[in-house]
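These notes concern the structure reproduced below.
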Amino acid sequence: MTPLPEDRIPERINYYAIEQMARLHRSAAMAEILVALFVGAERGARRLAAAFRRWMEIQDTIADLERLDDRCLADIGIEREGIAAFATGHQARHDAEGHLYVVGSAPIAANAQRAAGVAA
């Protein structure tokens, strides 16, 4: 850091003005920190809420699938022991008439067989 030239150094230093400027800069820095903290907390709360909603959907799917008999489960390509594992990749939904159907990212066995050209 280069020192101030002699002609720019005041004869009297106004300590009050220096302290006011320091307080102003400190409060601006604290405001930035608080904003960043609250924004981070909001993002964390949204992620937590999304994870909780996903967990609730999985629990609902497990409950819906456990109510089905073994024949219905076999029709959609899962065994009773594999319900929890199946539910993590799929969610069960009900249509307007209350019929259960399963949606998800992985194809179920009957759909996979149909796609391969095998009669189900």
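The values are calculated or read from the model by the stated rules, or taken from the named source; none is laboratory data. Note that the structure is predicted; figures quoted are calculated from it, not measured. For neighbour counting, all protein chains shown are included, and Cβ atoms are generated from backbone atoms with ideal geometry for every residue, glycine included.
Among the residues of region 1-15, those that are in a loop (DSSP other than H, G, I, E, B) and not hydroxyl-bearing (Ser, Thr, Tyr) comprise MET1, PRO3, LEU4, PRO5, ILE9, PRO10, GLU11, ARG12, ILE13, ASN14. Report yes if ASP64 is surrounded by 11 or more Cβ atoms within 10 Å (Cβ to Cβ) and free of Cβ contacts under 8 Å to residues at least 60 places away in the same chain, otherwise no. So ASP64 fits the description; yes.
Just one residue in the set ARG43, ARG26 is charged (D, E, K, R), surrounded by 10 or more Cβ atoms within 10 Å (Cβ to Cβ), under 18 Å from the mean Cα position of the chain (by Cα) and in a helix (DSSP H, G or I); that residue is ARG43. Does ILE18 count as in contact (Cβ under 8 Å) with a residue 12 or more places away in the chain and either part of a helix (DSSP H, G or I) or in contact with a Leu (Cβ under 9 Å, 6 or more places away or on another chain) (or both)? Taking the combined requirement at face value, the residue does not satisfy it. All conditions in (1) surrounded by fewer than 10 Cβ atoms within 10 Å (Cβ to Cβ); (2) modelled with pLDDT of 85 or more hold for THR2, with the sole exception of (2).
Screening the candidates GLU32, GLU57 for the property of being under 27 Å from the mean Cα position of the chain (by Cα), acidic (Asp, Glu) and at pLDDT 90 or above yields one hit, GLU32. If you go through region 46-54 one residue at a time, do you hit one that is in contact with a strand residue (DSSP E or B) (Cβ under 7 Å, 6 or more places away or on another chain) and under 17 Å from GLY89 (Cβ atoms)? For region 46-54, residues in contact with a strand residue (DSSP E or B) (Cβ under 7 Å, 6 or more places away or on another chain) and under 17 Å from GLY89 (Cβ atoms): absent.
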